[in-house]
Amino acid sequence: MTAALLSACHSNEEPSPAPARSPPPPPDSGGLLEDSFDQLYPLFLLHKLDERARAQQWSRYQDRWVRWTGTFVACTRNGALFRHLQQTSTFDVSLEVDPAVRKRLMAVKPGTPVAYVGQLHAYDPVLGTFFLVRGDVVVGAGGGGP
């Protein structure tokens, strides 16, 4: 599976068209959550809350925008993968982006810190992963973005 994810960065295959997306909110719009990855990780991915409590908490966060900086791992067919925790062997965040953003990310070397924005869509405590949609790379804002 990892090989398939990594090979998607340099595949000749065109990614499937992204659904219509709204642009990320401007940083001063109040639309961005101030919570960092490190603040949300224990709430949703470390099993510190029971399933019901997690669901109640998630309702406050789902579809909200975040701006995080993570270590770029690889491109996928529809986005990019980022690692935030040193102990993670694969990735902590899957960010769905449109083809133009994905094309820019194809020039980024794995291991590079990249700042990005996206809407919190889902989480998987078994995989230890947040899934973000409508993503974009934040150029020149605390990361090595393209």
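Residue 17 falls short of the stated requirement of being under 16 Å from residue 138 (Cα atoms) and modelled with pLDDT under 90.
The residue list 77, 67, 54 contains one member that is among the basic types (Lys, Arg), in a loop (DSSP other than H, G, I, E, B) and either surrounded by 11 or more Cβ atoms within 10 Å (Cβ to Cβ) or at pLDDT below 85 (or both), which is 77.
Within the set 100, 115, the sole residue that is more than 13 Å from the chain's Cα centre (by Cα), surrounded by fewer than 21 Cβ atoms within 10 Å (Cβ to Cβ) and either modelled with pLDDT of 95 or more or not in a loop (DSSP other than H, G, I, E, B) (or both) turns out to be 100. If you go through segment 59-108 and keep only what is among the hydrophobic types (A, V, I, L, M, F, W, C), within 17 Å of residue 42 (Cβ to Cβ) and either touching a strand residue (DSSP E or B) at 6+ places or on another chain (Cβ under 9 Å) or touching a residue at least 60 places away in the same chain (Cβ under 8 Å) (or both), you end up with 66, 68, 93. Among the residues of this structure, residue 43 counts as one that is more than 13 Å from the chain's Cα centre (by Cα), within 12 Å of residue 130 (Cα to Cα), surrounded by 16 or more Cβ atoms within 10 Å (Cβ to Cβ) and without any contact (Cβ under 8 Å) to a residue 40 or more places away in the chain. Note on segment 121-146: among residues that are among the small types (Gly, Ala, Ser) and modelled with pLDDT of 90 or more, the one that is farthest from residue 40 (Cα to Cα) is 135. Return a yes/no flag: does segment 66-86 have any residue that is of a type in the set (Lys, Arg) and closer than 22 Å to residue 33 by Cα. The answer is yes; a qualifying residue exists.
The values are calculated or read from the model by the stated rules, or taken from the named source; none is laboratory data. These figures come from a predicted structure and were not determined experimentally. Neighbour counts run over all protein chains shown; Cβ positions are idealised from the backbone, glycine included.
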